[in-house]
There are 2 protein chains.
Amino acid sequence: MSAGGRFITVEGVEGAGKSTQLPFIHGFLQARGVEVVLTREPGGTRLGEGLRELLLAHRSPPMASDTELMLMFAARAEHLDKVIHPALDRGQWVVCDRFTDATYAYQGGGRGVPAPRIQALEDWVQGPLRPDLVLILDLPVALGMERVHRRGEHDRFEREAQGFFERIRQTYLARARERPGRYRVIDAAGSVEETQARLSEVLEAWL
Amino acid sequence: MSAGGRFITVEGVEGAGKSTQLPFIHGFLQARGVEVVLTREPGGTRLGEGLRELLLAHRSPPMASDTELMLMFAARAEHLDKVIHPALDRGQWVVCDRFTDATYAYQGGGRGVPAPRIQALEDWVQGPLRPDLVLILDLPVALGMERVHRRGEHDRFEREAQGFFERIRQTYLARARERPGRYRVIDAAGSVEETQARLSEVLEAWL
């Protein structure tokens with residue numbers, strides 16, 4: 001979609017190992033001589049951080065789901081304008097920790113916002129820009145929950161929310177099935193090293 | 001558009017006397033037994049105030065115009081959800097100091113954002129809701145500038161910006177011409193009392 005660089009996003013449910021694998025992907029690409037900008041949603045800009053604070057501060061009373069979606073795409077617009085587009089235009093590659101697929105998965109699949117509502121904002125904010133490659137780190141929700149519990153982050157991942165995270169996972173998988181050209185599902189149920197081996201294979205083939 | 005109350009918005013360029021006339025409109029309607037909620041954009045909610053601060057804090061470096069527009073409509077979504085819709089549903093009337101027409105005038109006419117870009121977000125956030133009545137307080141830009149200067153608020157209204165405010169005024173007037181059913185242009189070039197007399201006449205006829 002861009003003149004120069006390529007745009008790669010990394011997605012996955014809680015406990016899939018995104019934070020561990022992102023530096024690995026970064027290193028993998030750098031070792032092949034690619035100049036990589038690592039960024040994340042929604043905090044890639046100063047405004048994004050301000051919006052993130054605003055989102056957290058307005059948990060109670062909760063803001064309208066329309067408002068929340070607008071704020072997410074506002075942060076995305078800024079992230080695109082200040083970080084992603086400039087890097088791609090310079091010919092750098094961008095690896096982004098979560099992007100619009102996460103909105104489809106969490107707000108769409110998880111909370112029931114109709115996909116066409118999300119797509120309208122995606123088109124409005126991104127124009128024709130879509131990731132060149134979406135890496136989905138996938139594992140059964142129960143296993144992800146177990147990993148997060150082991151880290152002692154119980155509150156992030158309540159037992160009664162299993163259905164919520166199951167819908168998120170299924171949305172990611174359905175999007176990957178519908179777009180096999182740009183999406184890759186990576187089995188992240190094994191060890192860190194096993195997932196890295198699968199990632200290397202997928203990236204090697206894609207390059 | 002709503003089951004119960006009616007939705008009235010008040011628009012106008014700087015110096016048109018909006019702040020002076022809003023309490024008058026409020027009182028006029030109350031005197032006729034109407035229960036009125038007076039509110040304003042974008043600060044009608046706690047989130048709106050937070051967004052306003054965020055907008056002001058990000059003047060330099062400036063945020064992308066897409067981001068700014070998204071934030072405005074985010075504040076509007078919250079304003080609708082927390083203030084406007086609940087009041088209308090209770091059968092109250094809502095008088096709002098600026099609404100989406102101001103976005104068409106300032107961001108559209110003033111800064112050149114294409115109207116279809118604004119309309120996409122208007123449809124997304126408002127659904128079918130449009131004001132039942134839009135009151136546009138109109139006066140020549142030079143006169144508005146003179147009034148603002150007399151108040152000592154020079155910085156808000158730079159001389160070189162006259163073209164900017166002229167485009168805003170013309171956008172308001174064009175929108176009113178295209179929608180004569182719901183829009184009223186009120187000559188606000190005279191004294192406060194003259195404008196009030198015109199407002200009374202227009203409101204009386206509309207009621």
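The values are calculated or read from the model by the stated rules, or taken from the named source; none is laboratory data. None of these values were measured; they are calculated from a predicted model. For neighbour counting, all protein chains shown are included, and Cβ atoms are generated from backbone atoms with ideal geometry for every residue, glycine included. Side chains are part of the model used for accessible areas, which takes the heavy atoms of the whole protein and leaves out ligands, DNA and RNA. Shrake-Rupley method; radii C 1.70, N 1.55, O 1.52, S 1.80 Å.
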### Considering residues of segment B:92-101 that are open to solvent by 10 Å² or more (accessible area, probe 1.4 Å) and not charged (D, E, K, R) only, the residue nearest to B:Glu14 (Cα to Cα)
B:Trp93
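Report those helices (runs of 4 or more DSSP H) wholly inside segment A:14-81 carrying at least 1 residues which are within 9 Å of chain B (Cβ to nearest Cβ) and open to solvent by 40 Å² or more (accessible area, probe 1.4 Å).
Correct list: A:46-57, A:65-79.
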### Message
Looking at A:Asp89 and the list (1) among the acidic types (Asp, Glu); (2) surrounded by fewer than 17 Cβ atoms within 10 Å (Cβ to Cβ); (3) within 14 Å of chain B (Cβ to nearest Cβ), which single condition is not satisfied?
### Response
(3)
### Query
Just wondering, is there one or more residues in segment B:91-100 that are of a type in the set (S, T, N, Q) and either under 16 Å from B:Lys18 (Cα atoms) or under 13 Å from the mean Cα position of the chain (by Cα) (or both)?
yes
### Query
So, of the residues in segment A:102-114 that are within 14 Å of another protein chain (Cβ to nearest Cβ) and over 15 Å from the mean Cα position of the chain (by Cα), which turns out to be surrounded by the fewest Cβ atoms within 10 Å (Cβ to Cβ)?
A:Pro114
#### Entry: Identity of the residue in segment B:120-146, touching a Ser or Thr at 6+ places or on another chain (Cβ under 9 Å) and within 14 Å of chain A (Cβ to nearest Cβ), that ends up farthest from B:Trp206 (Cα to Cα)
B:Leu121
### Message
Can you tell me which condition A:Tyr172 does not meet? The list is (1) at pLDDT below 95; (2) within 16 Å of the chain's Cα centre (by Cα), and all the others hold.
### Response
(1)
